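Notes for the one structure printed next.
The values are calculated or read from the model by the stated rules, or taken from the named source; none is laboratory data. Keep in mind that this is a model prediction, so the values were computed, not measured. Here Cβ is always computed from backbone atoms with ideal geometry, including for glycine, and neighbour counts include all displayed protein chains.
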Amino acid sequence: MHSQTRTGSIAKKGWLALLLSGLSLNASAEQKSVTLMLDWFVNPNHGPIVIAQEKGYFNDQGLNVVIQEPADPSMPAKLVAANKIDLAISYQTSLTIDVAENLPLIRASTLIATPLNTLMVLDNGKIHSLADLKGKKIGIAIAGNEEATVGTMLESAGITFDDVEIINVGWALSSSLASGKVDAIWGGLRNFESNQLAIEGYKAKAFYPEEHGVPSYDELIVVANANHYDADAIRRFNKAIEKATIYIINHPQDAWIEFAAYSPDTLNNELNKRAWRDTLTRFDLRPAAVDLERYDQFTQFLYKNKIIRSKPKASDFVPTL
Amino acid sequence: MLEINVLDATTEAHIAKKKKTIHPLLQGLLTACLLFGLWQLIVVVFAFPPFILPSPHAVMMKLILRIDVLLFHTWITTQEIVLGLILGLTMGLFFALQMLLFEPLKRWLLPILIASQAIPVFAIAPILMLWLGYGIASKVVMAALIIFFPVTTCCYDGLRSTPSGYIDLAKTMSASKWQTLRHIRLPAALPALASGIRVAVVVAPIGAVVGEWVGSSAGLGYLMLQANARMMIDEMFAALFILALFSITLYFITDRLLKRAIHWQL
């Protein structure tokens, strides 16, 4: 008798569990699951994504965004091209190179629509202008576009890419500059490395590519697979990102607190706080907006400088969704 | 009956030996063909796009078209590997001898030796770059560091495990410590040291390439990073192919030289 009651109650619980799981299945069926891989460990450049996640903007759009972090920024776009993940953070420079090499990728949205990269030197009176870099060492974290970008900047000052020594310093950009092992670095971001150096007690001076002959480009974009993208999901994704960006601009201080709370151990520190302040003006207010001519101009720039061997048309890889 | 059996066995052994010695080159060629065939098969069966796994044909074409660039970078990496090997072997031999001759020193040196192997080279590489600069020195040290442990332990084990009969003989003949080392211990340790050297020539390229990966302006590691950034995965594989070929060649040359130099086995 006793055991029968127990069995009955277990059966009841079983039904309840089944009912609940059915309900949750129903709920998740409405939510579209999207995997998004960042380009690097989470940092202030990813502000709109983190805020959209934290404040539930993705959820409001019926999206369940799973954020992943790689340790190699060249991987995420390849994974999207291989259709292993849905979306990845990339750069316009890399996307153009990838598409020119026939990777099936499209630009889905823009997070930061201006260059962040700089040619950075220490502000110690040794290098006043780009021309002073003649015969000097420039440290880079190989991204494949250096001959075009750095080369054009140097040419704007009357020297060439061959007049300097290019050294791959991997991810030790700030330390290689601070230690004097190189005289300048390319790949240091104006919102990040300059603050990092300042915290370490070094004053940095930046030369901006867009002011020295390099056409302006989107620093941070989101890419999707050209053959398998879900236009509707991307539209909803962009709506959430736009809402998050506006929130950040309107409430920078609150947004910082919410951003830092995403991963307090790694984000809540002085460097990120300063970088956040400097990134605020850089977020793209219209992440879905498309400017084909600007993309074509940059492709032409890379082609002219022999970085790419074919010239993909922007209308093919920057669709209006 | 027994005689016939023995005869059979020797004939078989003879034939087997003859078979083996007939075509070692052909054997290598066959292995290469088999590997390339398998590679092509994987590309075709799994329909990998070229940015995931390029076909052997594409890689070979790159190898031919960009041979000048590839050879230039190979030459840089070769220098790093060879100098790294010389430094690593010298250091290993020196450490092993110190540990054998000065027993108390062993307790101090052993943790350093183990630490040299326990610290991941990838973690220490960026720091080494800042200490030694982005030139050849940092790569040589990386290559030396990665072979230091196998060379030292093999050499030390060899030196320690001299058959006691030989040591007794040396004592009986009232040989000095130096004479025992020079004529007994060192020759007896050489086969063990040779094993260490064989391991070293294969792993030294890893050290050099890791060094190039984190800081360099030339070399196969640098070329691979460039190719990867420009999505020229076939070129990256071409560089990898050269590196593998280089390691294999270096191994067989070393093996041949060692066999010729150390014709005795204990």
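Applying the set (1) aromatic (Phe, Trp, Tyr); (2) assigned to a helix (DSSP H, G or I); (3) in contact (Cβ under 8 Å) with a residue 12 or more places away in the chain to residue B:108 leaves exactly one unmet item: (3). Out of the residues in the stretch A:103-120 that are assigned to a loop (DSSP other than H, G, I, E, B) and within 11 Å of chain B (Cβ to nearest Cβ), which is farthest from residue A:238 (Cα to Cα)? In this case the residue turns out to be A:103. Among the conditions (1) small (Gly, Ala, Ser); (2) within 11 Å of another protein chain (Cβ to nearest Cβ); (3) surrounded by fewer than 21 Cβ atoms within 10 Å (Cβ to Cβ), residue A:144 misses just one, which is (3).
Results for (1) buried (at least 18 other Cβ atoms within 10 Å of the Cβ); (2) assigned to a strand (DSSP E or B), shown as yes or no for each residue.
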{"position": "A:50", "(1), (2)": "yes, no"}
{"position": "A:53", "(1), (2)": "yes, no"}
{"position": "A:59", "(1), (2)": "no, no"}
{"position": "A:65", "(1), (2)": "yes, yes"}
{"position": "A:73", "(1), (2)": "yes, no"}
{"position": "A:78", "(1), (2)": "yes, no"}
{"position": "A:83", "(1), (2)": "no, no"}
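All conditions in (1) within 14 Å of chain B (Cβ to nearest Cβ); (2) surrounded by 23 or more Cβ atoms within 10 Å (Cβ to Cβ); (3) touching a Ser or Thr at 6+ places or on another chain (Cβ under 8 Å); (4) within 28 Å of residue A:79 (Cα to Cα) hold for residue A:182, with the sole exception of (4). Inspection of the stretch B:65-77 finds a residue satisfying the criterion of being of a type in the set (D, E, K, R) and either surrounded by 13 or more Cβ atoms within 10 Å (Cβ to Cβ) or closer than 30 Å to residue B:192 by Cβ (or both).
Residue by residue through the stretch A:164-177, note down the ones that are facing chain B (nearest Cβ under 9 Å) and at negative phi. Hits for the stretch A:164-177 are A:165, A:166, A:167, A:168, A:169, A:171, A:172, A:175, A:176. Per the listing B:218, B:227, the residue uniquely outside any helix (DSSP H, G or I) and within 14 Å of chain A (Cβ to nearest Cβ) is B:218.
Every condition in (1) away from every other protein chain (no Cβ under 14 Å); (2) within 16 Å of residue A:305 (Cβ to Cβ); (3) not charged (D, E, K, R) holds for residue A:149 except the one numbered (1). Determine whether the stretch A:15-36 contains at least one residue that is part of a strand (DSSP E or B), surrounded by 22 or more Cβ atoms within 10 Å (Cβ to Cβ) and at pLDDT 90 or above. Checked the stretch A:15-36: at least one residue is part of a strand (DSSP E or B), surrounded by 22 or more Cβ atoms within 10 Å (Cβ to Cβ) and at pLDDT 90 or above.
Being in a loop (DSSP other than H, G, I, E, B) and at pLDDT 95 or above is the filter; apply it to the stretch A:86-102 and report the residue that is nearest to the chain's Cα centre (by Cα). Step by step, filter the stretch A:86-102, then rank; the result is A:91. Counting only helices (runs of 4 or more DSSP H) that sit wholly inside the stretch A:121-199, those with at least 1 residues that are closer than 18 Å to residue B:211 by Cα and out of contact with any Pro (no Cβ under 6 Å at 6 or more places or on another chain) are A:173-178. Restricting attention to the stretch A:152-163 and to residues that are in contact (Cβ under 8 Å) with a residue 12 or more places away in the chain and polar (S, T, N, Q), the residue that is farthest from the other protein chains (Cβ to nearest Cβ) turns out to be A:156.
Checked against (1) more than 23 Å from residue B:90 (Cα to Cα); (2) in contact with a helix residue (DSSP H, G or I) (Cβ under 6 Å, 6 or more places away or on another chain), residue B:202 passes all but a single condition, namely (1).
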